[in-house]
């Protein structure tokens, strides 16, 4: 068990100690439960005098009534304390789960896009929603039952050894066998629990992929194939669950079988002690009741060990993510209130997602503050990767990127990204209101500022036609909006951000030519005084750029103004002729 678990328990140490005290009282009540029955048998039915001097004059009727009252009080106390203890322990466990889940989610938010590109969303979702409950299973469903069982065993042993030490040692003789069974079975249960959680997370992944791509699935009539994939993953998960359940049940059956042998031996020897008058009938009744109670905590310990082994797998899966060091180290430098000037230098920058498969090769370029820079080239040459280096979605494998003369790695990520507005592909909107989507980067923006940004993005009129205007919910992934409307909302979001650096990744790819012209008119006004990067396949959108970077096979093969590149007759001119059907 990892020591870090106790870090999550420490804030709740006071209620934890209270819960432990409750456990001790509950154990004492459990020890007292058979005694009213013993008194009735020995002192009421058999006529044996009570050993307590203060009760020597009590009649049998009085002893019977007091015994019954005592029995009721013990059970009421036990019931009340059990409810209170369950509430206390569950509350502690749920708060630990919440803290554990919070740390995991926060850590995932800060891991780089390179990490997330290697992981399945469904698997991460399962770790957040399901595996985090394992910390509650280990502490509250593991620690407390163990503490309860140990306290109860200690009290039982003290009472039973005073009644008949031979029977007590005989009853405990099965413990070494139980320890052997636990050590033998625990490894198999751990392996089965690990496999089950892996298969269950795969079900999450299959569902997540299918739901996010439902439009494509229906368009290509792949519903049956996706259903087969889901059923395959589901059957594997259920088979793994059945194997785990079977192992746990078999484990429990073996433990119960061993305990039945101990019970039979104690009853046999105990009956002989009664016949030889070394024990009374009441003694053997109490001892037999204690025997059941003695084996109950032993059984609890064995069952709890299985629970802990299964839960430990979930905790390890969570810590597997928490142990991933942030490959995007945060810097300490902050921007002043005036913000960034916007001068950017890429100094011999190379990058690769996969070893020995470079995406960018030795890129060196200087962008002056306030310049509009267009990045063009065929699909897959690294245009989006290049601009992703500026907000540090990735760090270059070689070289460095400087902003205002400072390596980006020296800036705090939050401070750096606050200087950048982005319109990325595909356009992403959240299932909240239109107003909240536009104000995502500036949640405290006024209504007038939101409307102004929407007007500049040429989306205001479309928003006003919606049922509730700016307060209309847009649905999951913006399902109630057209592609062009989603695009313009993301542009309005970038406009409202009002940052000194602007990144536009295909800002007009989903709109018609007329809307494109209107949006570009608004964006051109927005670009004034801002360092702007525009990725565009439509070369008509880059005419006004101060500098055009032409990428080919991960390298800058040309750079210059629009007119310079067209007249140079190089690769850009070839792209331009191909797109517009021009010759010469």
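The values are calculated or read from the model by the stated rules, or taken from the named source; none is laboratory data. Remember, it's a predicted structure, so these values are computed and weren't measured experimentally. Positions of Cβ are backbone-derived with ideal geometry, glycine not excepted, and every protein chain shown enters the neighbour counts.
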### Query
Does residue 319 meet the test of being at pLDDT 70 or above, assigned to a helix (DSSP H, G or I) and either within 30 Å of residue 389 (Cα to Cα) or under 30 Å from the mean Cα position of the chain (by Cα) (or both)?
yes
### Residue check for residue 190: over 30 Å from residue 479 (Cβ atoms), touching a residue at least 40 places away in the same chain (Cβ under 8 Å), surrounded by 17 or more Cβ atoms within 10 Å (Cβ to Cβ) and more than 19 Å from the chain's Cα centre (by Cα)
yes
### Query
For the stretch 366-385, how many residues meet the condition of being crowded, with 16+ Cβ neighbours inside 10 Å and more than 18 Å from residue 530 (Cβ to Cβ)?
7
### Task
Look at residue 486 and say whether it is within 38 Å of the chain's Cα centre (by Cα), buried (at least 20 other Cβ atoms within 10 Å of the Cβ) and at pLDDT 80 or above.
yes
### Message
Against the definition (assigned to a helix (DSSP H, G or I), modelled with pLDDT under 80 and in the same structural domain as residue 90 (by TED's automatic domain parsing)), how does residue 31 come out, yes or no?
### Response
yes
### Query
Quick one: is residue 82 surrounded by fewer than 18 Cβ atoms within 10 Å (Cβ to Cβ) and either farther than 30 Å from residue 359 by Cα or touching a residue at least 40 places away in the same chain (Cβ under 8 Å) (or both)?
yes
### Those residues of the stretch 421-443 which are in a loop (DSSP other than H, G, I, E, B) and either out of contact with any strand residue (DSSP E or B) (no Cβ under 6 Å at 6 or more places or on another chain) or buried (at least 23 other Cβ atoms within 10 Å of the Cβ) (or both), in sequence order
426, 427, 428, 429, 430, 431, 432, 439, 440, 441, 442, 443
### Query
What is the one condition in (1) crowded, with 22+ Cβ neighbours inside 10 Å; (2) under 22 Å from residue 517 (Cα atoms) that residue 455 does not satisfy?
(1)
